[in-house]
Amino acid sequence: MRVELFPPESVTEPRLWVRHDQAFAMMLGPGSIEWGSQRSAMEKFDYAAGDLALCDRHQGEWVGLMNTPHLQISISDAALTTASDGANGKVELRPLRKFADRRLGALVAAVHTEMVAGFPSGQLFADSVEQAMAVALVNGHAVRNRPVQVYRGGLGSARLRRIKELVHAKMEDDLSLDEMAQSIGLSTAHFARMFRKSTGETPYQFVLRQRVERAKAMLRAPDARVLDVAVACGFKTQQHFAQVFRDVCGVSPTQYRQDFLDSEVICASETHAEITLRP
């Protein structure tokens with residue numbers, strides 16, 4: 001998945017764009033864009049924040065008057081093919097100059113927030129969002145629409161154990177969705193659906209929870225530095241670690257450690273008092 005931010009431009013000469021990957025855009029503010037398959041036959045579209053446009057692939061498009069800020073996201077062929085359950089050849093989507101899709105809009109908003117923050121959540125988050133976008137695009141806008149197959153059941157205990165072992169072994173690494181799927185011999189989309197059915201969590205949520213659990217164990221050591229804990233648990237920055245930890249646990253990492261140490265002191269004092277009072 002490639003993400004590009006386009007600021008608003010003043011009136012410009014139309015230019016020909018040819019895209020060989022599948023891209024779509026979400027408008028970040030109001031404005032207008034001119035589109036057309038021919039320079040002499042361009043049409044102006046007025047947009048509001050949140051409106052989407054699905055770009056034409058391979059066919060050249062004339063584009064001008066881009067005075068609306070927008071985020072353009074390119075989806076890989078691998079993600080689209082996986083989302084269509086292995087369709088032969090490249091998945092083609094119907095181009096749309098302007099449309100609304102609440103699910104896609106929410107996913108793009110999440111990517112925009114991640115981009116502004118410097119992509120602290122890593123590759124697994126990006127892979128998961130790209131796969132979710134691909135599923136939404138294939139189901140809603142594919143030329144040959146093949147709905148995503150619904151699989152019954154979930155992953156067996158051996159496969160779940162293998163995933164847990166992989167996550168713990170690569171806790172400090174930027175683990176990808178494809179790497180997790182390949183470790184148990186499944187396609188990315190199939191793995192993501194089966195994993196959620198088995199655990200009630202997305203792979204990203206699961207990995208994040210495992211990282212926080214390890215962090216909690218490490219923070220119980222009074223001499224552990226928060227930065228060292230963040231790095232050892234796979235977080236790119238201490239700020240991102242603190243934010244995720246607070247979201248999951250309700251307190252900061254420092255406060256969590258202090259609360260734990262205080263409880264240890266209280267337990268030790270109570271034990272000492274009990275021993276002293278024994279006849």
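The values are calculated or read from the model by the stated rules, or taken from the named source; none is laboratory data. If you're wondering where the values come from, they're calculated on a predicted model, not measured in any experiment. FYI the Cβ positions are ideal-geometry reconstructions off the backbone, even for glycines, and counts take in every protein chain you see. With ligands, DNA and RNA removed, areas are computed over all heavy atoms of the protein, side chains included. Shrake-Rupley method; radii C 1.70, N 1.55, O 1.52, S 1.80 Å.
Which one is nearest to ALA110 (Cα to Cα) among residues in segment 23-43 that are open to solvent by 60 Å² or more (accessible area, probe 1.4 Å) and among the hydroxyl-bearing types (Ser, Thr, Tyr)?
It comes out as SER37.
Among the residues of segment 183-205, how many are assigned to a loop (DSSP other than H, G, I, E, B) and not small (Gly, Ala, Ser)?
4
Please find, within segment 25-68, the residue that is nearest to MET115 (Cα to Cα) out of those that are among the polar types (S, T, N, Q) and in a loop (DSSP other than H, G, I, E, B).
That would be THR68.
Taking ILE184 as meeting all but one of (1) in contact with a Leu (Cβ under 8 Å, 6 or more places away or on another chain); (2) crowded, with 18+ Cβ neighbours inside 10 Å; (3) modelled with pLDDT under 90, write down the number of the exception.
It is condition (3) that ILE184 fails.
Taking segment 48-69 only, how many residues are open to solvent by less than 10 Å² (accessible area, probe 1.4 Å) and under 13 Å from PRO8 (Cα atoms)?
Total satisfying the criteria: 3.
Looking at ARG214, ARG193 in this structure, which one is open to solvent by 40 Å² or more (accessible area, probe 1.4 Å), at pLDDT 90 or above and of a type outside the set (S, T, N, Q)?
Result: ARG214 is the single residue among ARG214, ARG193 that is open to solvent by 40 Å² or more (accessible area, probe 1.4 Å), at pLDDT 90 or above and of a type outside the set (S, T, N, Q).
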